[in-house]
Structures are given as structure tokens and as C-alpha cells.
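The values are calculated or read from the model by the stated rules, or taken from the named source; none is laboratory data. Predicted, not measured: the structure shown is a model, and the values here were computed from it. Here the Cβ positions follow ideal geometry from the backbone for every residue, glycine too, while neighbour counts run over all protein chains shown. SASA here: full protein model, heavy atoms, side chains in, ligands and nucleic acids out. Shrake-Rupley method; radii C 1.70, N 1.55, O 1.52, S 1.80 Å.
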Amino acid sequence: MTKIVNHWIGGKTVEGASGTFGPVTDPATGAVTTKVAFATVDEVDAAVRTAKEAFATWGQSSLAQRTSILFKFRALLDANRDAIAELITAEHGKVHSDALGEVARGLEIVDLACGINVQLKGELSTQVASRVDVSSIRQPLGVVAGITPFNFPAMVPMWMFPIAIATGNTFVLKPSEKDPSASIKIAELLAEAGLPDGVFSVVHGDKVAVDALLEHPDVKAVSFVGSTPIARYIHTTASANGKRVQALGGAKNHMLVLPDADLDAAADAAVSAAYGSAGERCMAISAVVAVGAIGDELVSKIRERAEKIKIGPGNDPTSEMGPLITAVHRDKVASYVTGAAAEGCEVVLDGTGFTVDGFEEGHWIGISLLDKVPTSAKAYQDEIFGPVLTVLRVDTYDEGIALINASPFGNGTAIFTRDGGAARRFQLEVEAGMVGVNVPIPVPVGYHSFGGWKDSLFGDHHIYGNDGTHFYTRGKVVTTRWPDPADGPSAVDLGFPRNH
């Protein structure tokens, strides 16, 4: 019997009323295992209405109450790591260890939200004029929404909602329709932790649900993670409807390897960063830039390591890489490899014919490695979002930095070198929002913010960290004068307030 995933509104499961469902497949077998209800505009409106009603109380609740519930949620989340990871593997396909890592990184932001009191402290200046004090405070926005991608169905929502609800907002999540079950499990754990009904809701669907959130007058802010074209659309549409927006887009992350680098460490890092989670992550390294004469040796070391990766079902403990999310996505990823030679690339490894015995209908693709890739090749220009690593050759550091900075994307980047001076130059000169020095995937810890530059971010705020707190709150400045008991009757003064 096919499982049905419904919406979560008002603290309970709400059956979809549209009659429209989307298929959810097991990527390892290709079989449809689940149907997810797609919301209508009216169903989205019901979720937002419920969230608005809940905000009337939640927005006035004490910090102690909010953080107490989040501490309970954190304990439940920790106890249910494996259960959530199993849901992720079943619908996304990533191996269990990857799924567990995703939950762990989401927990970092829950930890941050549990201690949100520090980030919400205001400021006070006394005696700015005679008996005049000025204070600044931050207050919640109201109903906020999150639209999240398929590649991290637990972590990316947890980059958003813990901070949003800790700061007093109510949250409506529209997760990816390709792997929706983790979001419902999270909603159940929040309810078990004591979160009041309506503070956190989940509506599933496609563009109809997305547009309903972007256009709804009671949604005050929208957070998004996904591809650059959709991020640009989210930003444009939500902004036109008067909303605050943080829309994180795609990436083409470069790893610059200097001649003095430890090539074994660089090769290990390149393989991990390019092929982990089957390359379906916006912080994957997809372009290695080899400087000088090291290119041949580096490619050889990468190939040697890549050929040893064991690909198989995500629930097989021996698997190191799983299938891709859908057959359509697998075929798109494969097209970049099959067309690479005609564009001047040297195909070192071609994973397009790969399959797994006994799982022939799964969405399989093997490891691909392309060398001597020209910048004109589609495999270099596009975000592939799969296990395809391109290697480009340059003669000097200056050529390498110019190549990286010419990319329209600016999400993350890394340099591998033993030279501290070169590393310092790189971190100052490179045009990207997140930089790693001998670290291939520089995803910031929870108390620093995550976000790129250029076409990798639309909006002014990065996600989580201090930027997350500022995004989900707005500042207010209060100027106060109280009469002294010894004062006589006040007199009207039409002049500008005197500070001296």
C-alpha cells in the first residue's frame, strides 16, 4: 500500500483536499513508495491564517517559554536521529552516514536557537539629553515562510525555523515534494516538545503552493534555498509583494590547488567534496583549478581515489555513495558527461553507464572526472548537482583567482597550499561568501552565517547565525523622558530637542 504524506496545520495532520498528489520514489529501486498531497491556494491560506492566529500569543510569549520548548525539541531530535536519517535515505537516496551528518548539522542551529537570548539583547543609552534615555530592541515579524530543497530535507529547514520561532515568529514550511517525510517527522517532534498549535506548519506542493506563499499578504518574510533561477524568481516575486527575502541560489565552487600543496590531502579533499552526497549539495566542489605543473599528478591521485568509491543503496552500510534523487535528474547529470568530449574536455572517468546488480531500476550514476576543461564547456558553466568533477589548468595563482572571480556564482571556494601568504591573499581577493583554507567544504558553524555572493544569493541577509536573527526580527528604537517628581508644570517647547 502506498504511503500518503499530508499537510501539518494547527498541530495536526490535515488531509490534502486538492485531489492532486506527487509521486515520491525510492531512488535505489525507482519504485514509487509514497504520494504527497499538493496544496491549493486555499489550503496555503488556511496554514497562514492558523499561523497568524498563533502569532498573537506566541509573539508575546517569554523567551524562557520559547527556549524551554526548543530544549525539549533538541532532546527529541537527538533521540530520533536514526529515524529521521532513515526517512531521508528512503526518499533522497543518500547513504545513512550522510543523512546522520545532515541531522547533526541541523542540530547546530537548534543549539543556537536555544541560546537566542544573547542575540536578542537590546541596547540602552542613558542621559542622551537631560533625563532622556534611548533603547533599541528587536521584535518578531509575524508569519514567516521557508521553501526548502530536496538535497537536505532536514538540515535546511532547521537552518530556518528554529531561529524564526525562537525569536517569536510563526513558521510555514513548504519542503521539497521529492522527499517530504522528514519535515512531517520534525513537525511531530515539535508538537511532542510542547510547541503550541499553529506555530509550525507544513504545506506540500508545487509552484501553486510556492506562489501562494510569495503572494500572501500575511507572510512577512520568505527564506529559500535552491537553484539560482528559482532563487531569482523567489526574490523578485516576494519583494514585489513587500516581503523580506533571503534566497540562496546555486553554485559552482572552485578549489584552487597551488604547486606547494600536499597533493594527497588535496586529492582526498577533492574526492570527498565532489562526490559526497552524490554531489547533490550547493557546497560541493565541482571545479578543481590546478596551478602549474601539478595537474597530471593531481588528476591521477583523484582518479585513484574516485575509482574505489563503493556505490550502492543508501541503507547498505557498505555504500559510500547512493543514487540520485530522480531518473530525470540522473539523465540530466549524465548529459554533461556524454557531451564533454565534444566540448574539448578529456573524459578521465565516465560514470554514465553505471548500475547496481539487483537494483537496475534505481537512479544510478557512477563517478565522472573531466580534465583539461575549457571555461566554455557546459560542464564548467552550469551547476551540475551530481558526481561530476571538472579539472581546469592554469599557469599561475593570478590566472586561477581571475578564473574563479569571473564565475557568475560566488557561494563557496577553497585553496590548498602550505603558503600562508598565498592563503591570506586568496581569502581577501576571492569573490565568494565562504572560503576554506585547506578545508574543501567551508560550511560555517551555526553561530556564523551561511551565504554566498553574486548569483548565489539574492537578498541582504545570509542564513542562520547573527544574520538569521536579524532577518527574522526588526529593530525598534525607543526614546524616553520621564519627568522628575520635583519638576513643576511642564511648558510647551516648539524647538528641536536639546542634547546639551
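Enter the angle in degrees (range 0 to 90, nearest 10) between the Cα long axis of helix 96-114 and the first principal axis of the Cα atoms of the chain, meaning the one along which they spread out most.
Taking the Cα atoms of the chain, the angle to 96-114 is about 20 degrees.
Between the helical axis of 295-306 and the dominant principal axis of the chain, each derived from Cα atoms, what acute angle in degrees is found, rounded to the nearest 10?
80 degrees
For the chain, what does -39500 (n - 2.57) per DSSP helix run (n ≥ 4), summed and divided by total residues, give at 222 nm, in deg cm²/dmol to the nearest 500?
So the helix-based figure for the chain works out to -11000 deg cm²/dmol.
For the stretch 163-174, just list the computed ³J(HN,Hα) in residue order, Karplus coefficients 6.51, -1.76 and 1.60, θ = phi - 60°, integers in Hz, with x standing in for Gly and Pro.
Once rounded to whole Hz, the list reads 6, 4, 7, 5, 8, x, 8, 10, 10, 10, 9, 10.
First obtain the Kirkwood hydrodynamic radius of the stretch 387-463 from its Cα pairs, then insert it into the Stokes-Einstein equation at 20 °C and 1.002 mPa s, and state the resulting D in µm² per second as a whole number.
160 µm²/s
Going down the table (Lys207/Lys243; Lys72/Lys174; Lys3/Lys52), which pairs top 21 Å between alpha carbons?
Violating the 21 Å Cα-Cα cut-off are Lys72/Lys174; Lys3/Lys52.
Tell me the relative contact order for the chain as a rounded percent, counting alpha carbon contacts under 8 Å between residues six or more apart.
Over the chain, the number comes to 18 percent.
Ignoring ligands, DNA and RNA, what accessible area per residue does the stretch 405-474 give at 1.4 Å, in Å²?
Ligands and nucleic acids excluded, the result is 43 Å² per residue.
How would you classify the stretch 212-257 from its alpha-carbon gyration tensor, with a ≥ b ≥ c the square roots of the eigenvalues: rounded for a/c under 1.5, else prolate if a/b is greater than b/c, otherwise oblate?
prolate
Check which residues have an amide H placed less than 5 Å from Arg131's amide H, if you skip close sequence neighbours.
none
How large, in Å, is the stretch 1-98 by the Kirkwood hydrodynamic radius built from its alpha-carbon pairs?
16.3 Å
Order of 416-426, 188-198, 146-156, 122-132 by packing, highest average Cβ count within 10 Å first?
146-156, 188-198, 416-426, 122-132
Peptides 78-87, 463-472, 385-394, 50-59: what's the order by average Cβ count within 10 Å, highest mean first?
385-394, 463-472, 50-59, 78-87
Starting from 0 in steps of 5 Å, tell me what percent of the Cα-Cα pairs of the stretch 121-241 lands in each bin.
2, 10, 19, 20, 17, 10, 7, 5, 4, 3, 2, 1, 0
Keeping all protein chains in place, calculate the accessible area per residue for the stretch 1-111 (probe 1.4 angstrom), answer in Å².
45 Å²
Just the accessible area for Val14, please: 1.4 Å probe, Å², rounded to the nearest 10?
50 Å²
What is the stretch 216-333 by shape, rounded, prolate or oblate, if you read a ≥ b ≥ c off the alpha carbon gyration tensor as root eigenvalues and call it rounded for a/c under 1.5, prolate for a/b larger than b/c, and oblate otherwise?
In terms of gyration-tensor shape, oblate.
Could you sort the peptides 215-223, 250-258 by per-residue average Cβ neighbour count (10 Å cutoff), highest mean leading?
Ranked from most to least packed, the peptides come out as 250-258, 215-223.
Using Stokes-Einstein with the Kirkwood hydrodynamic radius over Cα pairs, what translational diffusion coefficient do you get for the stretch 270-384 at 20 °C and a viscosity of 1.002 mPa s, in µm²/s rounded to a whole number?
Once the numbers are plugged in, D ends up at 146 µm²/s.
In a Debye calculation with equal point scatterers on the alpha-carbon sites of the stretch 1-44 and no solvent, what is log10 I(q)/I(0) at q = 0.17, 0.19, 0.23, 0.29 Å⁻¹?
With no solvent term, the Cα-only Debye profile gives -0.51, -0.60, -0.78, -1.00.
Run the accessible area of the chain with a 1.4 Å probe and give the carbon-and-sulfur part as a rounded percent.
Of all accessible area on the chain, carbon and sulfur atoms account for 53 percent.
How far, in degrees from 0 to 90, does helix 397-406 lean away from the longest principal axis of the Cα atoms of the chain, to the nearest 10?
Result, in degrees: 60.
Pairs of Cα atoms under 8 Å, at least six residues apart: use those to get the relative contact order of the stretch 44-142, whole percent.
Relative contact order of the stretch 44-142: 26 percent.
Skipping prolines and chain starts, which residues have an amide H placed within reach, meaning under 5 Å, of the one on Val5, given they are 5 or more residues away or on another chain?
HN-HN under 5 Å from Val5: Lys35, Val36, Ala37.
Dividing the convex hull volume of the alpha carbon atoms of the stretch 140-186 by its residue count, what do you get in Å³ per residue?
58 Å³
Taking N as the number of residues in the chain, what is its alpha-carbon radius of gyration divided by 2.2 N^0.38 Å?
Compactness ratio reported: 1.07.
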